[in-house]
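Participant: The structure's right below; bear with me while I get my questions together.
The values are calculated or read from the model by the stated rules, or taken from the named source; none is laboratory data. The shown structure was predicted, so the numbers you read here are calculated from the model rather than taken from an experiment. Positions of Cβ are generated from backbone atoms using ideal geometry, with glycine treated the same way; all protein chains shown enter the neighbour counts.
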Amino acid sequence: MNKSMEEELIRLKNDALAIIWQTKNLADLENLRIKFVGKKGKLTLLLKELPKLEISERKRLGILSNDIKKAIEQAISETKQKILGEKTEQKWFDVTLPGILPPDGHLHPITHILHEVLDIFKSLGYQTTETHEIQTDFYNFTSLNMPADSPSRDTQATFYLDTRGTKVTPGEILLQTQVTSMQVPIMKKTKPPIRAVMPGKVYRVDSVDPSHAFDFWQIDGFVLDKNIHMTDLLGTIEYVLRKLYGQEIKIRFDATNFSFVEPGVQAYMSCTICKQKGCPFCKHTGWVEILPAGMIHPSVIKTAGLNPKEWGGFAFDLGLSRAAVLKYQINDLRVLTNPDLRILRQF
Ligand SMILES: [Zn+2]
């Protein structure tokens, strides 16, 4: 008996909603209200059966009936609003009133700087290639001179994908830790000379603080051609940075080491946040690391199936989140992932 009462309640709800939503005038709507939830309405009559049931069933079906009553009343109220709204719309419309404009959207600071950087590289003849957030261990590390036992992997704490229950070897698929992971695939696919930039999001296990995030944007790029020298690399970096931050910035280079370049350089730029007076962002040195780069290691060129004696080039990496922070003088990386629109409207 209880089962049938439950069924009856649900059938009543479905019937009521279907007919209420189709109603086009207020008088019919009022009749429906009386028919279903009025003092002698169908639902009210069903509720009168409740005291005959066992306590536990009474409670359960009592809650259900209450929910159904609310749903029917809400459908009636919404349909009423709809009918009234249509009436007013038909009644009067002032064509002389100014229209209501939808609010303007804003580009995110990362998108702004992404467009700007891509435009600069486009003007230098670079092609843009998309990167894959999910990448193989081979292209992310091994092909870039970072075999499984390479200590340089430790600097890029990695999110590996859970491949249990698949045929993929554990540890073979990961979230890319660097967009350079596209370098060898592009070299394999494209006939040199090549000038390419690869923007994309990268992921590294890290705790979030003002200058660290676990996901950030990068643009990497490389040139592969004949007779490319270190001076070409330094000239390119200087040109791009001055285009982006203005002629007045100071730039200096230090020698450094990355697995997939030889030799490697680190480009530093005068801190745009404090104008070299010293601030927490530049650790009070007046200088910020902006662009690691170097001449592509011959073994990377070999992995791509090309002859390193014939082809050579340079590669560089621009951290876009960092670049945006320096461009818009934001002192906390977390601002870039804050969903508060008031922040975004400033850019
Ligand atoms: Zn500073």
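Participant: Working only within region 261-276, note down all residues that are assigned to a strand (DSSP E or B), β-branched (Val, Ile, Thr) and under 12 Å from Ile249 (Cα atoms). Please lay out each step first, then the result.
Facilitator: Just the residues of region 261-276 that are assigned to a strand (DSSP E or B), to begin with: 261-270.
When the remaining residues are screened for being β-branched (Val, Ile, Thr), the result is 261, 265.
Matches in region 261-276: none.
Participant: Inside region 32-53, can you point out the residues that are farther than 20 Å from Gln74 by Cα and touching a residue at least 12 places away in the same chain (Cβ under 8 Å)?
Facilitator: Listed by number, the residues that qualify are Glu49, Leu50, Leu53.
Participant: Check Asp232 against each of (1) among the acidic types (Asp, Glu); (2) over 16 Å from Ala323 (Cα atoms); (3) within 16 Å of the ligand (Cβ to nearest atom) and name the one condition it does not meet.
Facilitator: Here Asp232 clears every test but (3).
Participant: Hey, Asp332 hits all of (1) in contact with a helix residue (DSSP H, G or I) (Cβ under 6 Å, 6 or more places away or on another chain); (2) in contact (Cβ under 8 Å) with a residue 60 or more places away in the chain; (3) within 16 Å of the ligand (Cβ to nearest atom) but one; which does it fall short on?
Facilitator: Of (1) in contact with a helix residue (DSSP H, G or I) (Cβ under 6 Å, 6 or more places away or on another chain); (2) in contact (Cβ under 8 Å) with a residue 60 or more places away in the chain; (3) within 16 Å of the ligand (Cβ to nearest atom), only one is false for Asp332: (1).
Participant: Being under 21 Å from Arg334 (Cα atoms) and touching a residue at least 12 places away in the same chain (Cβ under 8 Å) is the filter here, so list the residues in region 93-117 that pass it.
Facilitator: His106, Leu107, His108, Pro109, Ile110, His112, Ile113, Leu114
Participant: Pull out all pairs, ordered by first then second residue, where Cβ-Cβ is under 6 Å, the residues are six or more apart or on different chains, the first lies in region 250-273 and is touching a residue at least 40 places away in the same chain (Cβ under 8 Å) and of a type in the set (Phe, Trp, Tyr), and the second is away from the ligand (no atom under 16 Å from the Cβ) and in a loop (DSSP other than H, G, I, E, B).
Facilitator: The qualifying pairs are Phe260/Asn145; Phe260/His297.
Participant: State all residues of region 279-315 that are more than 22 Å from Pro151 (Cα to Cα) and away from the ligand (no atom under 16 Å from the Cβ); if no residue qualifies, say none.
Facilitator: Answer for region 279-315, where residues must be more than 22 Å from Pro151 (Cα to Cα) and away from the ligand (no atom under 16 Å from the Cβ): Ala304, Gly305, Leu306, Asn307, Pro308, Lys309, Glu310, Trp311, Gly312, Gly313, Phe314.
Participant: Follow-up question, since we're still on this one. Assuming Phe258 fulfils every condition listed in (1) more than 26 Å from Ser207 (Cβ to Cβ); (2) of a type in the set (Phe, Trp, Tyr); (3) outside any strand (DSSP E or B) apart from one, which condition is it?
Facilitator: Only one criterion in (1) more than 26 Å from Ser207 (Cβ to Cβ); (2) of a type in the set (Phe, Trp, Tyr); (3) outside any strand (DSSP E or B) is unmet by Phe258, namely (1).
Participant: Continuing with the same structure: Please state which one of Gln266, Gln346 is of a type outside the set (Val, Ile, Thr), at pLDDT below 85 and either under 21 Å from Leu233 (Cα atoms) or exposed (fewer than 15 other Cβ atoms within 10 Å of the Cβ) (or both). Steps first, please.
Facilitator: Working: Gln266 fails: at pLDDT below 85.
Just a single option satisfies the conditions, and that option is Gln346.
Participant: Checking Arg342 against (1) within 14 Å of the ligand (Cβ to nearest atom); (2) of a type outside the set (A, V, I, L, M, F, W, C); (3) without any contact (Cβ under 8 Å) to a residue 24 or more places away in the chain, only one condition comes out false. Which one?
Facilitator: Failing condition for Arg342: (1).
Participant: Let me ask you something else. Show me the helices (runs of 4 or more DSSP H) found entirely inside region 130-248 where at least 1 residues are hydroxyl-bearing (Ser, Thr, Tyr) and either loosely packed, with under 13 Cβ neighbours inside 10 Å or on the phi > 0 side of the Ramachandran plot (or both).
Facilitator: Working: elements: 137-140, 183-189, 230-245.
By residue number, 230-245.
Participant: I've got another one for you. Provide a single number: the residues in region 261-273 that are within 16 Å of the ligand (Cβ to nearest atom) and either outside the structural domain of Thr236 (by TED's automatic domain parsing) or not hydrophobic (A, V, I, L, M, F, W, C) (or both).
Facilitator: Qualifying residue count, region 261-273: 3.
Participant: Going by the structure shown, is Leu124 among the hydrophobic types (A, V, I, L, M, F, W, C) and either surrounded by fewer than 13 Cβ atoms within 10 Å (Cβ to Cβ) or within 20 Å of Lys302 (Cα to Cα) (or both)?
Facilitator: For Leu124, the condition - among the hydrophobic types (A, V, I, L, M, F, W, C) and either surrounded by fewer than 13 Cβ atoms within 10 Å (Cβ to Cβ) or within 20 Å of Lys302 (Cα to Cα) (or both) - is not met.
Participant: Against the condition of a type in the set (S, T, N, Q) and either surrounded by 20 or more Cβ atoms within 10 Å (Cβ to Cβ) or within 16 Å of the ligand (Cβ to nearest atom) (or both), how does Gln276 come out, does it pass?
Facilitator: It is true that Gln276 is of a type in the set (S, T, N, Q) and either surrounded by 20 or more Cβ atoms within 10 Å (Cβ to Cβ) or within 16 Å of the ligand (Cβ to nearest atom) (or both).
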